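These notes concern the structure reproduced below.
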Amino acid sequence: MSMNVAPESTPERQAYYDKIGAHNLSALWTVFRDIITGEPTSECQPHLWRYDELRSLLLEAGDLITAKEAERRVLILENPGLKGMSRITTSLYAGLQLVLPGEVAPAHRHSQSALRFVIEGAGAHTAVGGERTYMQVGDFVITPSWQWHDHGNDTSEPMIWLDGLDIPVLKFFDASFAESFGADEHPISRPAGDSLARYGQGLLPVDYKHQSLNSPIFNYPYDRTRDALHKLSESSDWDPYHGVKLRYVNPVTGDWAMPTIGTSMQLLNKGFSTKPYRSSDAVVFVPVEGEGRTRIGDRIVEWGPRDIFVVPSWHWVSHEVSTDSVLFSYSDRPCQEKLGFFREEHSAQ
Ligand code: 1HN
């Protein structure tokens, strides 16, 4: 059922509104239909960033400022409907970060949670809570809230990754805290690969008691994710709306890998077209391999590897691919599910 029209304004009513305004009050009936909408009405717009353009602009920043001086040398992907707000969707942030050979991005921590999705380069590292991981293209890496983290690149090539953070969520709650460690690197207390061995093999330390809201695995390597998708694609499991789609999970709880951001990877094979689907979470997509076109409401974006595109809340989305394609995606779905208002719809045709 749609909502009725707003009550008319009369001179008497307007005078009343002016009067109550002076008391820091306003009348709900003048704004009701704007704040309680029948469906999501987002300022967030569908948009695609081409990697070629992003890359050359980011490398230009490499000549302007060091990672150390910048703290983080990042270009923020600003949704064209949310300019100046440091947002790719209403609730999430995205940026493209460059760490040049020999550089460090100094240790700090903050209440915002971050994901890294590796786009280009091989073997630069990030350290989280005393463990380093050496990153490869397609790896999904978690920096949980309030964990010390720093990055470094001891390779001979630039390293570029996408940062996804819940910055607008923390802003909404006015719960942002941050501090610098005071040195480039936080001390290392465990060898690289420790978390994956301990928590990422279908095994857990026998007396392990889980305390964090995040997965204890902090790097989900692409080669494993890719193998899983391809293995599944041989047998069955082709969902008409998602192809073969897996979500990254916390192996202890089965919940999403991060408390505020949901991450997934999907395979669509050559010639596959997905049926229209929509959901109340705006989604950021990063194709890793392949080529295709995605209809987002009445827009169509054509994408290739390493492009980045965004689907706003409640927009019908369908993908069509011309070669085998693998797409990473992230959204605020875990927040919406926990709070009980996540919605999705699968079209009949
Ligand atoms: C941050 O800590 C990183 O650690 C990247 O690489 C981007 C954007 C806002 C706030 C903190 C990083 C960030 C950030």
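Structure above, values below:
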read-out	value
Tally, over region 34-49, of residues that are outside any loop (DSSP other than H, G, I, E, B), open to solvent by 70 Å² or more (accessible area, probe 1.4 Å) and touching a residue at least 24 places away in the same chain (Cβ under 8 Å)	0
Members of region 301-349 that are aromatic (Phe, Trp, Tyr) and surrounded by 15 or more Cβ atoms within 10 Å (Cβ to Cβ)	TRP303, PHE309, TRP314, TRP316, PHE328, TYR330, PHE342
Pairs with Cβ under 8 Å, 6+ apart, first in region 83-111 and more than 27 Å from SER313 (Cα to Cα) and among the basic types (Lys, Arg), second open to solvent by 40 Å² or more (accessible area, probe 1.4 Å) and away from the ligand (no atom under 11 Å from the Cβ)	ARG109/TRP146; ARG109/GLU179; ARG109/PHE181
ASN4, sole failed condition from (1) open to solvent by 90 Å² or more (accessible area, probe 1.4 Å); (2) closer than 21 Å to TRP303 by Cα; (3) touching a helix residue (DSSP H, G or I) at 6+ places or on another chain (Cβ under 9 Å)	(2)
Output for region 134-144, where each listed residue is under 18 Å from TRP256 (Cβ atoms) and more than 11 Å from the ligand (Cβ to nearest atom)	ASP139, PHE140, ILE142, PRO144
Members of region 50-88 that are away from the ligand (no atom under 15 Å from the Cβ) and buried (at least 20 other Cβ atoms within 10 Å of the Cβ)	TYR51, ASN79
Some residue of region 177-196 being loosely packed, with under 11 Cβ neighbours inside 10 Å and more than 24 Å from VAL104 (Cβ to Cβ)	no
Every residue from region 7-43 that is of a type in the set (Lys, Arg) and more than 30 Å from LEU92 (Cβ to Cβ)	ARG13, LYS19
Tally of residues being within 13 Å of the ligand (Cβ to nearest atom) and farther than 22 Å from ILE308 by Cβ across region 151-169	1
Elements of type helices (runs of 4 or more DSSP H) contained in region 164-252, each with 3 or more residues being under 30 Å from SER273 (Cα atoms)	222-235
Candidates ALA15, ALA114, filtered to the one that is free of Cβ contacts under 8 Å to residues at least 60 places away in the same chain and under 29 Å from HIS186 (Cβ atoms)	ALA114
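The values are calculated or read from the model by the stated rules, or taken from the named source; none is laboratory data. Source: prediction; values computed, not measured. In this analysis, Cβ positions are derived from the backbone assuming ideal geometry, glycine residues included, and neighbour counts consider all displayed protein chains. Ligands, DNA and RNA are stripped out before the accessible areas are found, and what is left, the full protein with its side chains, is counted by its heavy atoms. Shrake-Rupley method; radii C 1.70, N 1.55, O 1.52, S 1.80 Å.
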